[in-house]
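Colleague: The structure's right below; bear with me while I get my questions together.
Derivation of every value follows stated rules applied to the coordinates shown; laboratory data play no part. Note that the structure is a prediction, hence the values are computed from the model and not measured. Positions of Cβ are generated from backbone atoms using ideal geometry, with glycine treated the same way; all protein chains shown enter the neighbour counts.
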Amino acid sequence: MTMESDDMAISFFGLTHGETCVEACREEKRARGARSIARATAPLRRLSAGLLLIVLSLAVALPAVAQDRKYSFSERNVKKMLKVIKYLQEDNDTESAKKVLESIDLERSKPYGRARIHQMLGTLAAQDEDYTTALTHLQAAVKEDALPPEEQLRTLYLVGQLQTMLERYDDAIVTLESWISQVENPAPASYYTLAVTYYQANRLEDALKAAKKAVDLSDEPREAWYRSLLSLYLSGNHYPEALALLDDIILKFPSKVY
């Protein structure tokens, strides 16, 4: 970044000119990165809660009535899963539910059963904010490649979010790129999450492309997405694009100060 572009970035983000240009930009980069991660991963607990409900609803299906037997538990494990559901739904006792799940012999379980158990343990760990354990279990669930296609992709996306949260950016990029390549119509927010991850991995041009796609695909892009894209334009010395985008931001958010 040139001194001129540094001054533009400092003016835009409201930083004081008492700081040196380099110090200001470095500090803003750290702060902006932290804010971006927080925004990108804020839905994680909500997604985990929703995923848990899906898992529980599917867990009650008995092999005899399952439409596809490969997506079913063994009779022995169905009984244990019903205990898990009781603990979670009726007693709100996650510790007892975990103990039952952890007592299941995964080596004797079907691939689907192993994947579901890892998925549930990972979801419960995420709700407890034990994200390292959550990632381990969800990666194991994905590795089985035994969940229904929609569930497989949903779990893969959660893995990418957790990797981003845990600052494993290179791994997260591989995961999120894989997820996007398999989804028919990726949501704009998924491109923003990918942009955040590229940014943290210091892949600024890739971050810019992903952030632009998030804005272009969204009917109502969030102001934070515009701000991130503007920052990336400035960082890459794309001044004409930055000025055009700033005009759009002012028109869409006229009450804000820039």
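Colleague: Among 169, 233, rank each residue by its count of other Cβ atoms within 10 Å, from fewest to most, as a rough exposure measure.
Modeller: 169, 233
Colleague: Moving on to the next point. Under unit Cβ charges (Lys, Arg +1; Asp, Glu -1), what dipole magnitude, rounded to 20 debye, does the range 120-247 have relative to its Cα centre?
Modeller: Dipole about the Cα centre, nearest 20: 260 debye.
Colleague: Separation between the residue 170 and residue 244 pseudo-spin-labels, each 7 Å from Cα along Cα→Cβ, expressed in nm?
Modeller: Roughly 3.6 nm, to one decimal.
Colleague: Over the range 168-241, one equal point on each Cα, no solvent: what is log10 I(q)/I(0) by the Debye formula at q = 0.16, 0.24 Å⁻¹?
Modeller: Taking Cα atoms of the range 168-241 as identical point scatterers yields -0.52, -1.07.
Colleague: Here's something else I'd like to know. Between residue 219 and residue 92, what length in nm is gained on full extension when 0.36 nm per residue of separation is reduced by their alpha carbon distance?
Modeller: That works out to 41.8 nm of additional length.
Colleague: By the gyration tensor of its Cα atoms, with a ≥ b ≥ c the square roots of the eigenvalues, what is the shape of the range 68-139: rounded for a/c under 1.5, prolate for a/b over b/c, or oblate?
Modeller: oblate
Colleague: Give the value in nm², to one decimal: projected area of the alpha carbon convex hull of the range 113-253, averaged over all directions.
Modeller: Taking the Cα atoms of the range 113-253, their convex hull projects to 8.9 nm² on average.
Colleague: Next question. Just list whichever of 79/143; 86/110; 110/143; 70/98; 212/252; 70/110 have alpha carbons separated by over 20 Å in the model shown.
Modeller: With Cα atoms farther than 20 Å apart: 79/143; 86/110; 70/98.
Colleague: Test of understanding: ordering 108, 116 by Cβ neighbours within 10 Å, fewest first, what list do you get?
Modeller: 108, 116
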